[in-house]
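The values are calculated or read from the model by the stated rules, or taken from the named source; none is laboratory data. Please read these numbers as outputs of a predicted model, since none were measured by experiment. Ideal geometry is used to build each Cβ from the backbone, glycine not excepted, and the neighbour counts take in all protein chains shown. To get the accessible areas, we keep the full protein, side chains included, count just its heavy atoms, and leave off ligands, DNA and RNA. Shrake-Rupley method; radii C 1.70, N 1.55, O 1.52, S 1.80 Å.
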Amino acid sequence: MTTPYGPDEIAALQEKAKRHLWLHFTRMSSYAEADVPVIVRGEGPYVYDQHGKRYLDGLAGLFVSQIGHGRTEVAEAAARQASELAYFPLWSYAHPQAIALADRLASLAPGDLNRVFFTTSGSEAVESAWKLAKQFFRTIGQPTKYKVLSRSIAYHGTSMGALAITGLPGIKEPFEPLPAGGVRVPNTNFYRAPEFVSADITAFGVWAADEIERAILREGPESVAAVFLEPCQNSGGCFPPPPGYFPRVREICDRYGVLLVSDEVICAFGRLGYYFGCERYGYQPDIITFAKGVTSGYAPLGGMLVSDRLMEPFSFRDRAAGGHEHHRQFHGAETAADGQHTFLHGVTFAGHPVSCAVAMANLDVFEKEDLLGNVRAREGAFRATLEKLTDLPIVGDVRGDGFFYGIELVKDKASRETFDDDESERLLRGFLSHALFDAGLVCRADDRGDPVIQLSPPLICTQEHFDEMEQILRHVLTAAWTKI
Ligand SMILES: Cc1ncc(COP(=O)(O)O)c(C=O)c1O
């Protein structure tokens with residue numbers, strides 16, 4: 001079924017969009033002559049524009065639509081909740097959907113990540129995790145710990161704190177000075193590994209993890225609060241961790257009393273075939289930040305899952321345990337619950353009842369349709385299908401895990417020479433982004449690191465969708481090569 005709008009409606013949409021709407025991270029001038037793409041509806045892994053043209057949503061919107069589009073059972077859950085209780089804050093009050101979702105997320109999360117602090121977005125989740133780290137260390141008598149380590153080219157959000165953690169100089173510069181304390185360490189792009197570890201991925205992983213230790217020592221362990229890492233780094237084009245990387249990072253964090261924050265805004269909720277990306281790579285974080293896939297985009301929601309240990313200073317005596325205080329230790333400091341501390345942070349719409357109801361319905365779909373099982377069963381086929389593209393001269397590397405892949409484009413495969421800024425601009429902005437969309441594929445051509453194409457389809461996809469992606473990419477990348 002298609003839903004073409006009439007010519008007058010289309011013209012009105014274009015005129016109003018160009019006059020009044022401000023698109024995010026978008027050079028608006030590029031729509032001076034061209035039409036603003038307008039997506040009007042979705043069904044399964046496909047979306048449709050105002051002309052009724054169909055696109056395969058190879059990016060799940062923006063790493064969001066895990067269960068695909070047009071699920072009426074999720075929409076109905078939203079409507080039911082809006083009728084019953086559309087809004088009440090989580091400031092001093094609770095509501096049943098937030099309680100149920102917190103309980104469900106805590107039971108899905110690994111280890112002692114038993115406390116959920118909701119937000120409305122990923123940036124707010126990251127911001128909240130940094131604020132919690134800072135306040136936690138103050139309450140346990142280590143007020144000098146405030147710095148945060150993160151990896152180069154990693155994206156962690158756009159609010160000022162999250163931006164200070166983000167490792168993309170190009171999107172930070174207009175907003176300097178940012179909050180102090182953001183420190184960069186190397187990412188895990190093995191394709192661009194330094195020469196001395198480029199032949200051995202395990203040695204590369206040891207080096208990259210040890211760079212975190214060296215940064216902690218350089219900054220002074222007494223000043224470092226947390227390390228923010230994605231399980232598989234998105235920006236730069238999907239950098240999975242080398243074998244042994246995360247266990248070593250965990251050891252380093254424990255050695256210096258530094259919190260390990262797993263930023264799973266993309267990698268949670270099935271993207272890597274598990275509810276949480278850290279499970280796939282076998283490490284236990286102190287905090288998980290999440291957003292996007294928790295609702296599959298049927299309503300906005302984010303949050304952080306926090307370990308019991310970090311919650312302790314903000315908690316109360318456990319009456320069930322006879323009123324005895326817990327005496328947990330954090331790196332030599334006592335974190336006993338004394339009931340005196342409040343996490344001084346909150347946002348109006350965090351844990352919105354409609355969003356929480358939607359998240360519950362979304363997770364029901366995950367269970368009913370075994371979406372994690374689908375990703376695990378088909379990820380090998382997805383990889384194999386994308387790897388067919390390596391016969392093209394422009395495809396340098398295909399990397400990722402689960403339903404999350406990056407394809408790095410190069411000028412010369414043998415030397416791995418990349419494109420200069422001008423070529424990148426012409427290739428990605430001038431040609432690829434539009435050509436892929438025109439050919440019916442939503443994906444992302446990104447040059448925030450080296451030029452890459454990012455794929456992150458809904459978790460319901462099967463071989464026919466992988467083939468469709470491969471064929472469109474083959475066609476467009478072949479054309480791109482003639483334009484260099
Ligand atoms: C790893 C990571 N952290 C944080 C964010 C910010 O999330 P939001 O756009 O919901 O603020 C993103 C967004 O893509 C992300 O990928």
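A few comments on the model shown:
- Non-local lysine pairs in the range 92-198, meaning eight or more places apart or on different chains, with alpha-carbon distances under 15 Å, amount to 4.
- Protein heavy-atom surface of the chain, 1.4 angstrom probe: 54% of the accessible area is carbon and sulfur, with nucleic acids and ligands not counted.
- Working ranking of peptides 449-462, 195-208, 429-442 by packing, defined as the average number of other Cβ atoms within 10 Å per residue, highest first, is 449-462, 429-442, 195-208.
- Using only alpha carbons, the range 163-305 has a radius of gyration to Kirkwood radius ratio (Rg to Rh) of 0.96.
- Lysines whose Cα lies under 27 Å from that of K368, excluding same-chain neighbours fewer than 8 positions away: K292
- Maximal additional length on extending the I171-D438 stretch stands at 93.4 nm, based on 0.36 nm per residue less the C-alpha distance.
- Gap separating the Cα centres of the range 1-73 and the range 179-241, nearest whole Å: 37
- In the range 381-478, one over the average inverse separation of all distinct C-alpha pairs is 13.5 Å, which is the Kirkwood hydrodynamic radius.
- Length released on extending from E43 to E195, taking residue separation times 0.36 nm less the Cα-Cα span: 50.1 nm
- Label-point separation in nm, K388 to E33, each point 7 Å along Cα→Cβ: 3.6
- Reduced Cα scattering model of the range 138-180, Debye log10 I(q)/I(0), q = 0.14, 0.16, 0.24 Å⁻¹: -0.36, -0.45, -0.79
- From the alpha carbon centroid of the range 338-375 to that of the range 376-432 is 34 Å.
- Out of every Cα-Cα pair that the range 123-217 contains, those further apart than 15 angstrom amount to 65 percent.
- A full extension of the chain between L344 and R309 corresponds to an added length of 10.8 nm, given 0.36 nm per residue minus the alpha carbon distance.
- Converting the Cα gyration tensor eigenvalues of the chain into ellipsoid dimensions via √(5λ) gives semi-axes, longest first, of 37, 29, 20 Å.
- Global form of the range 14-161, assessed from the alpha-carbon gyration tensor, a/c cut-off 1.5: oblate
- Protection proxy ranking of 46-55, 163-172 - average other beta-carbon atoms within 10 Å, highest first: 163-172, 46-55
- Entry note, the chain: the mean residue ellipticity at 222 nm calculated from DSSP H runs of n ≥ 4, each adding -39500 (n - 2.57), is -11000 deg cm²/dmol after division by the residues and rounding to the nearest 500.
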